[in-house]
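As structure tokens, the structure follows; a few thoughts come after it.
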Amino acid sequence: MAQNSSRAAGRHFLQIPGPTPVPDRVLRAIDRPVIDHRGPEFAKMAKSALEGIKTIFKTANPVIIYTATGTGAWEGALVNTLSPGDKVLMVETGQFATLWKKMAEKFGLRAEFISTDWRTGADPAVIEAHLRKDTNKEIKAVCVVHNETSTGCSTSIPAIRKAIDAADHPALLMVDTISSLASTDYRHDEWGVDVAVGGAQKGLMMPPGMSFNALSPKALEAYKTAKLPKSFFDWDDMINMNKVGFFPYTPATLMLSGLVEGIAMLHEEGLDNVFARHDRLAEAVRRAVTHWGLEILCRDPKHYSSTVTAILLPEGHNADAFRTLALEHFNISYGASFGPYAGKYFRIGHLGDTNDATIIGALAATEMALALAAVPHKKGGVQAAMDYLISAHSAPARQAAE
């Protein structure tokens, strides 16, 4: 790009795994005059948001809406259920699981951290073994990340629930759904989750600044004896005010308007169709990566994420330099790398309000960037992705024609 150019033409390809592009309908819902957050118009909108978000978590129980990012909802999950010195079992599936563990330790909790090489999801058998050894039932919560955004590895939550039950352990099950909610199947009540942590800036197609705690009756019982300090994130204050459509403090009024619209869009498409779309786009990306001859960070296909794919570059090629080159020349942004793999991989997000054509465009930019950066690869990854998508659409198209 010429040095005197201060503007990149065309759309920016935001292929980070969140925040994701905000669709026009959500932008228009947010772009409205501020209303009285103690008035009847707001109460009606707030009740719609509070009931609507339950349908996304698939729960009949309360969902707390925080004016905070997902990190705030992590805190809400811990402080409302636990007491200083309590033991929690966590799994080192990547950067965000590690940060949640560090937060727990800051609150004086004792974190038992199951280590991994960051290339897999949580292993239910290992969790079960740890719980069986806990004969005194000191572990008060099992905390897992449903979809580890930093690595592109997912974990089967029903399998974790089964492991806790098999160990006959009373620990709460807490699940981070930040990069899975509204993109992949999640069933809070059916799967027996006690506290779920969610964020609005990914599958819900919102700007950052809103997060959630979905609760269970068991979690609400734990609240009654929890001794960790809490104020802003206190569930009781929120639940009591939410009953009449208000919040104990000034909420993000315009964000709530956008949330209502985003939820409506998801249901118009149909949640099962949303999940199928994410599965399809994820597989298309993986077909391209495999054809290029590059390695997917997630080692086991059963843990593949449907919302983000992390791609290792060959030895001698720096992923941060690759990301910079791609942004400069093709106006595309990728997710960064973390921890022991810093500078070794980049991440393509394929979640939120995106479709086949957008993903093909992103893969085309990626294949051009690989060539420009002289990264060894086999040409034709974009074609491999297109071939897969054509085949995925062929059967429904034939059925419609018949």
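The values are calculated or read from the model by the stated rules, or taken from the named source; none is laboratory data. Quantities reported herein were computed from a predicted structural model and do not represent experimental measurements. Note: ideal-geometry Cβ built from the backbone for every residue, glycine included; neighbour counts use all protein chains shown. Heads up: the accessible areas ignore ligands, DNA and RNA and are worked out on the full protein's heavy atoms, side chains in. Shrake-Rupley method; radii C 1.70, N 1.55, O 1.52, S 1.80 Å.
Structure above, values below:
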item	result
Residues that are touching a Phe, Trp or Tyr at 6+ places or on another chain (Cβ under 9 Å) and open to solvent by 10 Å² or more (accessible area, probe 1.4 Å), drawn from region 293-322	295, 296, 306, 312, 313, 320
Residues of region 200-221 that turn out to be in a loop (DSSP other than H, G, I, E, B) and under 12 Å from the mean Cα position of the chain (by Cα), as a count	6
Looking only at region 97-137, and only at residues there that are open to solvent by less than 70 Å² (accessible area, probe 1.4 Å) and of a type in the set (Val, Ile, Thr), the one that is nearest to residue 312 (Cα to Cα)	120
Single residue of region 155-179 satisfying the filter (out of contact with any Phe, Trp or Tyr (no Cβ under 7 Å at 6 or more places or on another chain) and under 18 Å from residue 298 (Cα atoms)) that is surrounded by the fewest Cβ atoms within 10 Å (Cβ to Cβ)	156
Qualifying residue in region 34-47 (condition: of a type outside the set (S, T, N, Q), modelled with pLDDT of 95 or more and closer than 17 Å to residue 200 by Cβ)	yes
Single unsatisfied condition, residue 220 versus (1) open to solvent by less than 20 Å² (accessible area, probe 1.4 Å); (2) closer than 30 Å to residue 83 by Cβ; (3) not basic (Lys, Arg)	(1)
Residues located in region 344-358, provided they are surrounded by 24 or more Cβ atoms within 10 Å (Cβ to Cβ) and of a type outside the set (Phe, Trp, Tyr)	347, 348, 349, 350, 351, 352
Hits in region 244-292 (condition: open to solvent by 30 Å² or more (accessible area, probe 1.4 Å), more than 14 Å from residue 356 (Cβ to Cβ) and small (Gly, Ala, Ser))	264
Residues of region 180-197 classified as closer than 18 Å to residue 142 by Cα and either in a loop (DSSP other than H, G, I, E, B) or open to solvent by 20 Å² or more (accessible area, probe 1.4 Å) (or both), total	9
Residue check, residue 55 surrounded by fewer than 17 Cβ atoms within 10 Å (Cβ to Cβ), of a type in the set (Val, Ile, Thr) and either in contact (Cβ under 8 Å) with a residue 24 or more places away in the chain or in a loop (DSSP other than H, G, I, E, B) (or both)	yes
The lone exception for residue 340 - which of (1) surrounded by fewer than 19 Cβ atoms within 10 Å (Cβ to Cβ); (2) within 30 Å of residue 376 (Cα to Cα); (3) under 18 Å from the mean Cα position of the chain (by Cα) it fails	(3)
Residue count, region 87-127 (criterion: small (Gly, Ala, Ser) and within 17 Å of the chain's Cα centre (by Cα))	4
Qualifying residues in region 9-52 (those that are surrounded by 18 or more Cβ atoms within 10 Å (Cβ to Cβ) and polar (S, T, N, Q)) - the one nearest to residue 195 (Cα to Cα)	20
Enumerated helices (runs of 4 or more DSSP H) restricted to region 222-307, each holding at least 3 residues that are touching a residue at least 40 places away in the same chain (Cβ under 8 Å) and under 30 Å from residue 105 (Cβ atoms)	235-242
Checklist (1) open to solvent by 70 Å² or more (accessible area, probe 1.4 Å); (2) more than 19 Å from the chain's Cα centre (by Cα) applied to residue 375, failing item	(1)
Qualifying residue in region 326-342 (condition: at pLDDT 95 or above, touching a Pro at 6+ places or on another chain (Cβ under 7 Å) and outside any helix (DSSP H, G or I))	yes
